[in-house]
Amino acid sequence: MIVTRFAPSPNGPLHWGHAYSAIAAHDLARDARGKFLLRIEDIDGPRSRPEMADEFRRDLEWLGLEWDEVPPQSTRGAQYQLGAQRLGEMGLLYACTCTRAEIASAAKAVGPEGPVYPGTCRHRGVSPDGPAALRMDIAKALAITGPLTWHDALTGEQQADPLALGDPVLVRKDLPASYHLAATLDDAADGVTLVTRGRDLFAATHIHRLLQALLELPVPRWHHHPLLLDPEGRKLAKRRGSKALSDHRKAGQDGRDWAQKVRMGEWPCGNRLESA
Ligand code: GLU
Ligand code: ZN
């Protein structure tokens, strides 16, 4: 059975890019008589706003979607700690106290997610006094797992290439997990068999696949869909004035009708889908 999900972070309103993602996931599940899950990714406590999650539920209802909701990330800290502990026992984590500015000036490469961490703290071998993030030594992890592959519905079989992103933070200095560790553990705990999300997270999947191998988690398939772009060709973002779904909803527009249009490839607000 297909179990897929929509996993928004409640730090800003949903826009049409989110609607497209949610509709895609919902329909993939519905067409296969599977399950469509909603997971609120509120691990980032201080930046998360609970009232925002309620707005999300109303937006999805307005679009005519049906879902099962799984527990939000804020309730899963203990699982994240167990996951991190296990990776730590495998000798794969190290403390890092570098600031963004330090990483940017020392980086030798820029990857899909910005400056690639140059490994500054990898061999320091001392635990810092103050708060530190924990990063995973990717080369060491790959030496344990060997080469890995994963499957994307649109682009086919992929060779996992987590080295290109540098050693990622798995435990943030202020939180029990980073996005990578939390989302990977959540998808496994929620029985997700098809991870549906935007192509902007394609590179992150290399890391997730590696974590699955290390933590002996089931391996789902992925469906990374193209992103919606605004009339100027930029990724949608509230801060650039992209309309929130709730604006349309509160203006009394028909969300089911909009959802139907999105399914037909008719994009609201002059947006368009990025080309393949
Ligand atoms: N919470 C992430 C976001 O809102 C999505 C994570 C995912 O789908 O894996 O961008
Ligand atoms: Zn560092």
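Some notes on this structure:
- Counting only residues that are touching a Lys or Arg at 6+ places or on another chain (Cβ under 8 Å) and outside any helix (DSSP H, G or I), segment 28-42 holds 4 of them.
- Given (1) surrounded by 15 or more Cβ atoms within 10 Å (Cβ to Cβ); (2) within 16 Å of ligand 2 (Cβ to nearest atom); (3) within 29 Å of Pro226 (Cα to Cα), number of the condition Ile43 does not satisfy: (2)
- The set of residues from segment 44-57 being out of contact with any Phe, Trp or Tyr (no Cβ under 9 Å at 6 or more places or on another chain) and assigned to a loop (DSSP other than H, G, I, E, B) comprises Ser48, Arg49.
- Top-ranked residue of segment 30-45 - restricted to ones that are out of contact with any helix residue (DSSP H, G or I) (no Cβ under 8 Å at 6 or more places or on another chain) and without any contact (Cβ under 8 Å) to a residue 40 or more places away in the chain, ranked as nearest to Pro10 (Cα to Cα): Arg30
- Hey, Ala188 closer than 22 Å to Val171 by Cα, within 13 Å of ligand 1 (Cβ to nearest atom) and either more than 11 Å from the chain's Cα centre (by Cα) or among the β-branched types (Val, Ile, Thr) (or both) or not: yes
- Residue that is farthest from ligand 2 (Cβ to nearest atom), among those in segment 79-130 that are among the hydrophobic types (A, V, I, L, M, F, W, C) and assigned to a helix (DSSP H, G or I): Leu82
- Any hit, segment 113-129, residues being surrounded by 16 or more Cβ atoms within 10 Å (Cβ to Cβ), polar (S, T, N, Q), under 21 Å from Gly91 (Cα atoms) and touching a residue at least 12 places away in the same chain (Cβ under 8 Å): yes
- Search result, residues across segment 58-78 that are in contact with an Asp or Glu (Cβ under 8 Å, 6 or more places away or on another chain) and part of a helix (DSSP H, G or I): Gln73, Ser74
- Sole residue being closer than 25 Å to Ala139 by Cβ, out of contact with any strand residue (DSSP E or B) (no Cβ under 7 Å at 6 or more places or on another chain) and not charged (D, E, K, R), chosen from Leu165, Leu170, Leu181, Leu210: Leu210
Coordinate-derived values only; no laboratory data. Quick caveat: nothing in here was measured; it's all calculated off a predicted structure. Don't worry about glycine lacking a Cβ; one is built from the backbone with ideal geometry, like all the others, and counts go over all protein chains shown.
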